[in-house]
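Take a look at the structure set out below.
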Amino acid sequence: MENKYNLSREQNIFIAKRNIVDYIWKSANLEGINVTYLETQVIYDGGVVNGLTVDNIIAINNLKYAWQFILESENLSCDFKLLTYLHKLTCDKLVLNQDLGKLRTTPVNIGGTNWKPQFPIESQIIEELEMLLKQNQKTKTEIAIEVMLWIMRRQVFIDGNKRVGMLFANKIMIDNGCGIITISQKDQPTFFEKLIRYYETGDNTDLKEWIYDTSIDGIKLNTNN
């Protein structure tokens, strides 16, 4: 699985900033946060939106702060510490304080399937994450997708796993100039169908390839000058 894009970090950041409201909107919808693009834009700009729940507004602002953190954190390693910090940023005021940045200690049900994830144990999570990140035979794009899907399936946290997984993956993508992982509105039903299959089987092959083919944003640079 080759890198689709070969950008500098600065070029990748430029793309992210240009489309950041769109990325936040799609990520929020992926987690069931029912906001429109226009509402997301208004919240991002600090405006007031009537008719939305307080939690929805908080969730959008949290994604804004998390994205800003990623874009400003050039020398920060992708590791377990970052994973837990991203959960604190994305779920602040949305889960109980004792759950922020902490591994899940209660069972969860996954909509659309009877499959249940095992409880995350810190030593195992750290080991599994490090193994995924150190796959030197794979491109950064493939590693980013695999880590994102692993976070989602492992259900590391009590809430926000899809948001955290995508943010963590995009930190890898941006740092290595590989573009942005973002799942369009029209593709989200297909994503969830494939995600459920991945949850139940543990085989990420089909979903990983589908994300690679449909859900990576970037620009091709003209290198013929």
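The values are calculated or read from the model by the stated rules, or taken from the named source; none is laboratory data. Quick caveat: nothing in here was measured; it's all calculated off a predicted structure. Heads up, the Cβs are rebuilt from the backbone with ideal geometry, glycines too, and the neighbour counts pull from every protein chain shown.
Structure values in brief
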{"read-out": "Pick from the range 198-225, criterion of a type in the set (Ser, Thr, Tyr) and in a loop (DSSP other than H, G, I, E, B), ranking: nearest to Asp22 (Cα to Cα)", "value": "Ser215"}
{"read-out": "Selection within the range 136-180 - out of contact with any Pro (no Cβ under 8 Å at 6 or more places or on another chain) and either on the phi > 0 side of the Ramachandran plot or among the acidic types (Asp, Glu) (or both)", "value": "Glu142, Glu146, Asp159, Gly160, Asp175, Gly177, Gly179"}
{"read-out": "Residues (of a type in the set (Gly, Ala, Ser) and in contact with a strand residue (DSSP E or B) (Cβ under 9 Å, 6 or more places away or on another chain)) located in the range 143-187", "value": "Ala144, Ala169, Gly179"}
{"read-out": "Residues of the range 152-164 satisfying the condition of being surrounded by fewer than 24 Cβ atoms within 10 Å (Cβ to Cβ) and within 25 Å of Phe14 (Cα to Cα)", "value": "Lys162"}
{"read-out": "Counted residues, the range 60-75 - those being surrounded by 12 or more Cβ atoms within 10 Å (Cβ to Cβ) and in contact (Cβ under 8 Å) with a residue 40 or more places away in the chain", "value": "7"}
{"read-out": "Only listed residue being among the polar types (S, T, N, Q), in contact with a Phe, Trp or Tyr (Cβ under 8 Å, 6 or more places away or on another chain) and under 21 Å from Gln185 (Cα atoms), chosen from Thr90, Thr105, Thr40", "value": "Thr40"}
{"read-out": "Residues satisfying the stated conditions in the range 98-114, i.e. assigned to a helix (DSSP H, G or I) and in contact with a His (Cβ under 9 Å, 6 or more places away or on another chain)", "value": "Asp99"}
{"read-out": "Options Ile174, Ile158: the member that is within 17 Å of Ser77 (Cα to Cα) and in contact with a Lys or Arg (Cβ under 9 Å, 6 or more places away or on another chain)", "value": "Ile174"}
{"read-out": "Listing of helices (runs of 4 or more DSSP H) fully contained in the range 18-97 that carry 2 or more residues being within 13 Å of the chain's Cα centre (by Cα)", "value": "20-30, 54-72, 80-91"}
{"read-out": "Enumerated helices (runs of 4 or more DSSP H) restricted to the range 115-197, each holding at least 3 residues that are under 23 Å from Leu63 (Cα atoms) and in contact (Cβ under 8 Å) with a residue 40 or more places away in the chain", "value": "140-154, 161-175"}
{"read-out": "Ile126 being within 19 Å of the chain's Cα centre (by Cα), of a type outside the set (S, T, N, Q), at pLDDT below 95 and surrounded by 12 or more Cβ atoms within 10 Å (Cβ to Cβ)", "value": "no"}
{"read-out": "The lone exception for Leu94 - which of (1) touching a Leu at 6+ places or on another chain (Cβ under 8 Å); (2) in contact (Cβ under 8 Å) with a residue 40 or more places away in the chain it fails", "value": "(1)"}
{"read-out": "Breaking point among (1) in contact (Cβ under 8 Å) with a residue 12 or more places away in the chain; (2) out of contact with any Asp or Glu (no Cβ under 7 Å at 6 or more places or on another chain); (3) farther than 19 Å from Ile174 by Cβ, for Ala16", "value": "(3)"}
{"read-out": "Every residue from the range 18-56 that is surrounded by 13 or more Cβ atoms within 10 Å (Cβ to Cβ) and charged (D, E, K, R)", "value": "Asp22, Lys26, Glu31, Glu39"}
